[in-house]
Amino acid sequence: MTSRRAFVGELMVVALCGCNGSEPRKRIGLLEAGSESANRHFVDAFRKGLRDLGYEDGRNVVLDVRWAEGRAERFAQLLEQIDKARPDVIVVASSLGAVAAHSVVKKTPVVFLGVADPVALGLVQNLAHPGGNMTGLSRVFGEGLLGKAVEALREIVPGATRIAILYNPEGAVEGRVAEADAATRKLGLTPIAVTMRDERSLGEAFAAMRANHADAMLVVTDPLTLRHRDAIVKGAADNRIPAVYEFAEFARAGGLVAYSASIPALFERAAVYVDKILKGARPGDLPVEQPTKFELVVNERAARDLGLAVPQALLLRADEKVR
């Protein structure tokens, strides 16, 4: 017969691990830069990655998701809340989110994704040996990727010579703007820098494009521009400015064309890093990866509305066509 003391001891063990005899559940914090309504599919991709590795939210892991709603000023506060819950690992999306995590999260392992240049931002020592408590997946940085995006736009609008580069000056994307400037100049185009700080400033941004006779537009993505992608896409359509975007989500929202790394694929891959860390790996020993899956999305309906013909060669290369 089991003694009362032994029985009480067994109950205490179960209460502490919350697992009825199974392994304790690991806690994963996740900070998504955007809104749940617009970016839920990113988190769904992360959950899929976890499931493929044997993790299920509520069974052997607890996933604590916070949404920044495209407001960079909220990152530090949300990360403090996540870290106070003592997670085993924190996942953070976007360059701004990773920079905030570097300042706020000192000991908990951090997996970042979608970071433009983690070395230049001071997040890791180098890509092969990050050191510290952070690692993850970068975006492809440099002129090449942006150049391919602009080339896709020029196939649709071959006569374009002046391209507006729309960006958020508070989005810590100075390097990205310089890359966009260099990429457009390399193709013989004249770049025109245009800023937006919120949705209300979009009217002024498009007025500046018209005043500077912009033939087309390239949008540099950060949490703010991604959050307001519907308004940006609508503004481009209303002002009849053909536009290329860094995120496929813009083209799916009605934008003309997008070429980028697959963000859902990055979220899914982030689960692999989480798995390794939960099994004892140190973030500083896990090399930072660059994307391997890219998406060319062409919105044929947007092209028709602008009176543009999409070349068959571009349609054949497209990974997705929005009709």
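The values are calculated or read from the model by the stated rules, or taken from the named source; none is laboratory data. Just so it is clear, the structure is predicted and the values come from calculations on it, not from any experiment. Glycine also receives a Cβ, built like all others from the backbone with ideal geometry; neighbour counts cover every protein chain displayed.
Values as computed for the structure displayed
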read-out: Verdict on residue 117 being at pLDDT 95 or above, of a type in the set (Asp, Glu) and not in a helix (DSSP H, G or I); value: no
read-out: Hits in segment 80-101 - residues which are outside any strand (DSSP E or B) and under 17 Å from the mean Cα position of the chain (by Cα); value: 94, 95, 96, 97, 98, 99, 100, 101
read-out: Qualifying residue in segment 160-169 (condition: among the aromatic types (Phe, Trp, Tyr), in the same structural domain as residue 196 (by TED's automatic domain parsing) and buried (at least 18 other Cβ atoms within 10 Å of the Cβ)); value: yes
read-out: Failed condition for residue 249, given (1) assigned by TED's automatic domain parsing to the domain that holds residue 183; (2) acidic (Asp, Glu); (3) surrounded by fewer than 22 Cβ atoms within 10 Å (Cβ to Cβ); value: (3)
read-out: Flag if residue 286 is modelled with pLDDT of 95 or more and assigned by TED's automatic domain parsing to the domain that holds residue 149; value: no
read-out: The listed residue being in contact (Cβ under 8 Å) with a residue 24 or more places away in the chain, under 26 Å from residue 269 (Cβ atoms) and over 21 Å from the mean Cα position of the chain (by Cα), out of 114, 171, 147, 131; value: 131
read-out: The listed residue being of a type in the set (Asp, Glu), over 30 Å from residue 250 (Cα atoms) and either over 22 Å from the mean Cα position of the chain (by Cα) or surrounded by fewer than 17 Cβ atoms within 10 Å (Cβ to Cβ) (or both), out of 56, 36; value: 56
read-out: Criterion violated by residue 256 - all others in (1) surrounded by fewer than 24 Cβ atoms within 10 Å (Cβ to Cβ); (2) within 16 Å of residue 206 (Cβ to Cβ) satisfied; value: (1)
read-out: Any hit, segment 87-97, residues being at pLDDT below 95 and of a type in the set (S, T, N, Q); value: yes
read-out: Some residue of segment 271-280 being surrounded by fewer than 19 Cβ atoms within 10 Å (Cβ to Cβ), assigned to a loop (DSSP other than H, G, I, E, B) and at pLDDT below 95; value: no
read-out: Any hit, segment 227-241, residues being within 17 Å of residue 157 (Cα to Cα), touching a strand residue (DSSP E or B) at 6+ places or on another chain (Cβ under 7 Å) and outside any helix (DSSP H, G or I); value: yes
read-out: Residue pairs meeting the criteria (Cβ under 8 Å; at least 6 apart or on separate chains; first farther than 22 Å from residue 98 by Cα, in segment 44-69; second part of a strand (DSSP E or B) and not hydrophobic (A, V, I, L, M, F, W, C)); value: 55/26; 60/26; 61/26; 61/27
read-out: Qualifying residue in segment 261-270 (condition: closer than 25 Å to residue 138 by Cα, assigned to a loop (DSSP other than H, G, I, E, B) and modelled with pLDDT of 95 or more); value: no
read-out: Residue in segment 209-220 that is at pLDDT below 95 and not assigned by TED's automatic domain parsing to the domain that holds residue 280 present; value: yes
read-out: Residues satisfying the stated conditions in segment 143-169, i.e. of a type in the set (Gly, Ala, Ser) and either assigned to a helix (DSSP H, G or I) or under 20 Å from residue 226 (Cα atoms) (or both); value: 144, 147, 149, 152, 164
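Each row is one residue, and each column tells you yes or no for (1) more than 14 Å from residue 33 (Cβ to Cβ); (2) among the polar types (S, T, N, Q); (3) in contact with a Phe, Trp or Tyr (Cβ under 6 Å, 6 or more places away or on another chain).
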position	(1), (2), (3)
79	no, no, no
100	no, no, yes
131	yes, no, no
148	yes, no, yes
152	yes, no, yes
179	yes, no, no
